[in-house]
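Working notes for the structure below.
The values are calculated or read from the model by the stated rules, or taken from the named source; none is laboratory data. None of the values given here were measured: they were computed from a predicted structure. Here Cβ is always computed from backbone atoms with ideal geometry, including for glycine, and neighbour counts include all displayed protein chains.
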Amino acid sequence: MPNNLSIYHRYWIYSKNEADRMNKIGSSMSGKQPELGRVFTEGGVMKYYTSIVSNLSQVTEADAIIVMQGDIRQVNYRQPNIY
């Protein structure tokens, strides 16, 4: 079965527009800066992400880029925290 047909396949997406929106909402709710999600690539490089999607048609921001993709059970990541 190809990897992208798996029910566990995910895309970690970063969008500056979405990050700005998260910062605005988070700081208005708690006065603190929210933390973006973090994902580690196969090479061990940490990258920030704003959302996880299972299908690229779920991406809503025009500036979105894929920072990582893979089996969600095997990828090392931390969820965003908006307090």
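Look through the stretch 49-78, keep the residues that are of a type outside the set (A, V, I, L, M) and touching an Asp or Glu at 6+ places or on another chain (Cβ under 9 Å), and return whichever of them is modelled with the lowest pLDDT.
T60
Cβ contacts < 7 Å: first residue under 13 Å from R10 (Cα atoms), restricted to the stretch 63-83; second residue assigned to a loop (DSSP other than H, G, I, E, B) and at pLDDT 95 or above, any location; separation 6+ or different chain. Result?
From residues that are under 13 Å from R10 (Cα atoms), the pairs are M68/V75; D71/Y8; I72/Y8; R73/Y8.
Can you confirm whether the stretch 14-25 contains a residue that is out of contact with any Pro (no Cβ under 7 Å at 6 or more places or on another chain), surrounded by 12 or more Cβ atoms within 10 Å (Cβ to Cβ), at pLDDT below 90 and not charged (D, E, K, R)?
yes
So which strands (runs of 3 or more DSSP E) are wholly in the stretch 7-49 and hold at least 2 residues that are touching a residue at least 40 places away in the same chain (Cβ under 8 Å) and not acidic (D, E)?
The qualifying strands (runs of 3 or more DSSP E) are 9-14, 37-40.
Which residues, taken from the stretch 50-79, are assigned to a loop (DSSP other than H, G, I, E, B) and of a type in the set (V, I, T)?
T50, V59, T60, I72, V75, listed by residue number.
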